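Below: the structure, in C-alpha cells.
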Amino acid sequence: MRRQALYAGAATLCGLLALAGAAAAQSCDVTYNTVAGDTLTELARRTYGDADQWSLIYYANITAFSGGQTDLAPGTEVFIPCLPGHSAPDPAPLQQDGADLRFVTATELPLLTDQSGAGGGMLTEVINAVMEATPNPVPYAVIWDEDRSHHQPMLEAMEADMGFPWRRPDCTARPDHPHCIGYFWSEPLFVLPVQLFVTQGGGMSFASDEDLEDKTLCLAETDEAPWLDAGGRNLLADGHVTVTRAADFGACLDLLLAGEVDAVPEDIFSGVDQVYQRGLRGQVTALERPIGTESLHVVISRQHWRGTTHLYRVNAGLAAIKASGRYDEIVNRHLGQYMAKIRG
C-alpha cells in the first residue's frame, strides 16, 4: 500500500522517548487500525525496535494529525512505513552556478540545510524538486552564506531573489513585524513542532494547557515564542506560565538539570540534536505532545519586481511534488538517515 501524501503544513520529529513493556512485532508497509493504548512511540518501538523513530509514522500519516497533535484514538487508520534506505539524492540538473534565479540559504541543522550534506540537506533537496516540478522550469542557483545577517540585505538589494528556510512570525498577532511587512511568504516547506524538553522521570506531563499552570519555562534570549499567546491562548500574557531567559537552548538545559525550570520549549530538531551532542539522552526527554509549531518558508522581498511570479513557481512546484509523492520520499529518506546519524 502506498503511504498517504504528506503536507508541508505540519510535520514533526520527536526522538528521545522510550516506552516500557513488551509487545508483538509490528509489520511495516501496511495499514494498521490502532487500539486503546497505542501511541506513535509504541508503534515505532514495535515496528523498528526503536521508539525514537516515531516521526516516520507521523510523517506518513500527517493528514490525520491536525495542528501538530499526536493523539491516536482507537480505530485510527495509520500507515506504518518501513525504514528508508540510504539512497543518493536525486540529481539537480537545473541547479547551475551563475543562473539568473538565485536562492540564498545557510545551514539550519544538518538535517534541514547543509552544504556538505546529501542533496544540501532535506529542504535544499525539496527546493530542487520544487524547481523541477514547477510550470516552465528554469535554471537556478543556490548561494550558501553562513552569516545569516547577510541574507536580508542580499534579498533587499536583489543580489539573491529568494531565501530559505525562514521561520515565519505570527503575522496575525504582529502585522507590524518587519518580516510580515517586507516579504512575501511561500506555502510552508516544513513545519517544526516545538516540544517541551523535560528531565527524564521528573513527573512533568503535558496533556493540555492546564498542565502548564504555574510552571516555569526557559527560553533563549532571541526566542519570540509566539505560540504561547497565539489564538487567544495567552499563557504568558495572562500569567499562567513564567518564562526565564537564558543565552541559548544549552544554557536552558543547564537550568533544567539544576531544577530551576520545569521545561525547555525548543523545535524538535534543534532540541534532539543538542541533547544527543551533549550526551543527555536518558536524562532529558521530549514530551510527545507539541506545545506549538514553527513553519519554514521561502521568502522574497515585496519590492522584488518579479516577486509574485517567483513565489508562484515555488508554490506550484511544492503542490506538484506533494501530489506525486516525491516530497514524501525526500522527507522520509532524510529523516531516517538523520536519526541513524545522531544516534551514532
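The numbers here are math on the coordinates, done by the rules we state, and not lab data. Note that the structure is predicted; figures quoted are calculated from it, not measured. All Cβ positions, glycine included, derive from the backbone under ideal geometry; neighbour counts span all protein chains shown.
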Counting pairwise Cα distances across the stretch 276-317, what percent come out greater than 15 angstrom? 66 percent
Amide N of the stretch 190-226 lying under 17 Å from the label point, which is placed 7 angstrom from the Cα of Ala247 along Cα→Cβ: 219-223
Taking Rh as the Kirkwood radius computed over alpha-carbon pairs of the stretch 191-293 and applying Stokes-Einstein at 20 °C with viscosity 1.002 mPa s, one gets a diffusion coefficient in µm² s⁻¹ of 159 µm²/s
Order of 308-321, 30-43, 263-276 by packing, highest average Cβ count within 10 Å first? 263-276, 308-321, 30-43
Over the alpha-carbon set of the chain, divide Rg by the Kirkwood Rh and report the Rg/Rh ratio to two decimals. 0.96
By average Cβ neighbour count within 10 Å, what is the ranking of 328-338, 108-118 from highest down? 328-338, 108-118
Based solely on C-alpha atoms, express the radius of gyration and the Dmax of the stretch 269-343 in angstrom. 17.7, 52
Quick one: Asp262, Asp254, fewest Cβ neighbours within 10 Å first, how do they rank? Asp254, Asp262
Mean Kyte-Doolittle of at least 1.6 plus a Cα span of 18 Å or more along the axis: flag which DSSP H helices in the chain meet both, please. none
Burial ranking of peptide ranges 280-289, 227-236 (average Cβ count within 10 Å, highest at the top): 280-289, 227-236
With labels modelled as points extended 7 Å from the Cα through the Cβ direction, what inter-label distance (nm, one decimal) is found for Asp71 paired with Thr107? 4.1 nm
Between Asp29 and Gln96, what FRET efficiency comes out of the Förster formula 1/(1 + (r/R0)^6) with R0 = 41 Å and r the beta carbon distance, rounded to 0.05? 0.65
